[in-house]
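What follows is one structure encoded as structure tokens, with my remarks underneath.
The values are calculated or read from the model by the stated rules, or taken from the named source; none is laboratory data. Just so it is clear, the model here is predicted, and its values are computed rather than measured. Glycine also receives a Cβ, built like all others from the backbone with ideal geometry; neighbour counts cover every protein chain displayed. When the accessible area is computed, the model is the full protein with side chains, heavy atoms only, and any ligands, DNA or RNA have been set aside. Shrake-Rupley method; radii C 1.70, N 1.55, O 1.52, S 1.80 Å.
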Amino acid sequence: MRNTEDFYPSRIGPGRGIIERIDPVIYTDIQHQPEDLSGKLKFFEENGYVIFDQLFLPEEVSRYHAELERLLADDALKNRDETIREPASNEIRSIFSVHTLNALFTSLSRDKRILDVVEAIIGSKVYIHQSRLNFKPGFEGKEFYWHSDFETWHVEDGMPRMRAVSCSIALSDNYVFNGSLMVIPGSHRYYVTCEGTTPEEHYKQSLKKQEYGTPDRQTLEWLVERNGIEVFTGKAGSVIFFDCNTMHGSNGNITPLSRSNAFFVYNSIENTLTDPYAGIAPRPEYIASRNFEPIAPQV
């Protein structure tokens with residue numbers, strides 16, 4: 001049941017527009033944070049993302065990447081609902097809810113190095129709204145079109161306000177040419193409404209190729225003209241945190257160099273999901289968790 005006002009309406013028929021953000025970006029006092037973190041938080045507040053180079057050591061990344069390869073080869077996992085395949089090649093595109101399926105990635109999702117940053121941004125205890133492993137195999141990896149995650153989480157999952165953070169951990173080297181994440185700095189301050197109405201079970205199509213919930217070209221041009229585009233590059237073990245409303249996407253990967261990452265979304269326990277604002281049935285638990293129990297950091 002929903003008893004909250006819709007401050008960010010979208011997909012309510014024809015017409016698109018821009019709504020200025022009414023929610024904070026940082027929910028804590030930056031000046032009271034440790035010195036080595038406060039500068040990162042200021043950058044995040046201004047740009048909607050921040051990168052930590054090689055936050056994880058090579059030996060740690062090697063262990064996570066080996067487990068990722070094992071999951072890719074796991075026949076029992078290939079036909080689960082949590083496993084999403086590329087529409088043309090049938091290659092695995094994503095494995096959702098990996099923090100519930102695999103003990104090693106459960107531990108990674110609760111790593112203190114991650115949660116210290118997340119809780120400094122969100123200003124409360126958090127739970128995991130969504131997790132997945134993303135793959136961009138060499139020659140075959142397809143693009144993810146520009147979108148704001150919050151638009152989808154709000155409309156299709158019932159997330160009321162902008163108080164969630166995404167964390168993408170590079171499990172392989174990210175180059176400008178192998179389909180790395182692109183972000184539009186400053187876009188987190190503008191909520192882009194989208195046309196159309198959302199069909200039931202839209203997630204079955206959108207997780208392979210999104211059609212509803214994507215911005216129009218004129219708005220994208222306006223956002224890019226203001227602040228340009230940045231690409232997340234770096235060695236395996238580097239991490240990017242980005243705001244739930246930051247406009248982002250990625251190109252396809254036609255290089256021989258595959259790209260993979262672990263992706264965790266943290267939402268405030270004070271921002272839990274209501275009924276989807278699109279008036280549709282909630283997406284499955286493995287895509288949008290309704291287990292709002294706060295998680296504790298692991299050292």
Within region 68-97, can you find the residues that are within 18 Å of residue 141 (Cβ to Cβ) and among the charged types (D, E, K, R)? 69, 78, 85, 86, 91, 93
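Condition first: in contact with a strand residue (DSSP E or B) (Cβ under 7 Å, 6 or more places away or on another chain) and either over 11 Å from residue 122 (Cα atoms) or open to solvent by 50 Å² or more (accessible area, probe 1.4 Å) (or both). Now tell me which residues in region 12-33 satisfy that.
Listed by number, the residues that qualify are 16, 17, 18, 19, 20, 21.
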Which of the residues spanning region 265-291 are farther than 16 Å from residue 6 by Cα, open to solvent by less than 40 Å² (accessible area, probe 1.4 Å) and either β-branched (Val, Ile, Thr) or free of Cβ contacts under 8 Å to residues at least 12 places away in the same chain (or both)? 265, 287
Say whether the condition of being part of a loop (DSSP other than H, G, I, E, B) and on the phi > 0 side of the Ramachandran plot is met by at least one residue in region 285-295. no
Subset tally (residues that are within 17 Å of the chain's Cα centre (by Cα), modelled with pLDDT of 65 or more and over 13 Å from residue 152 (Cα atoms)) for region 196-220: 0
How many residues does region 251-283 contain that are over 30 Å from residue 177 (Cα atoms) and either in contact with a strand residue (DSSP E or B) (Cβ under 9 Å, 6 or more places away or on another chain) or charged (D, E, K, R) (or both)? 9
Test set (1) aliphatic (A, V, I, L, M); (2) surrounded by fewer than 18 Cβ atoms within 10 Å (Cβ to Cβ); (3) not in a loop (DSSP other than H, G, I, E, B) - residue 240 fails condition number: (2)
Kindly indicate whether any position in region 36-59 is surrounded by fewer than 14 Cβ atoms within 10 Å (Cβ to Cβ), over 29 Å from residue 228 (Cα atoms) and touching a residue at least 40 places away in the same chain (Cβ under 8 Å). yes
Considering only region 60-97, how many residues are in a strand (DSSP E or B) and open to solvent by 30 Å² or more (accessible area, probe 1.4 Å)? 1
Please name all residue pairs, on different chains or six or more residues apart, with Cβ atoms under 7 Å, provided the first residue is in region 8-30 and is of a type in the set (Asp, Glu) and the second residue is assigned to a loop (DSSP other than H, G, I, E, B) and surrounded by 13 or more Cβ atoms within 10 Å (Cβ to Cβ). 23/161; 23/162; 23/163
The helices (runs of 4 or more DSSP H) lying wholly within region 98-194 that contain at least 3 residues that are over 24 Å from residue 12 (Cβ atoms) and either of a type in the set (Phe, Trp, Tyr) or open to solvent by 10 Å² or more (accessible area, probe 1.4 Å) (or both) are 98-101, 103-109, 112-122
Do any residues in region 168-180 that are over 18 Å from residue 48 (Cβ atoms) have Cβ atoms under 7 Å from those of residues that are modelled with pLDDT of 95 or more and of a type in the set (D, E, K, R), where the two are at least six apart or on different chains, and which pairs are they? 173/235
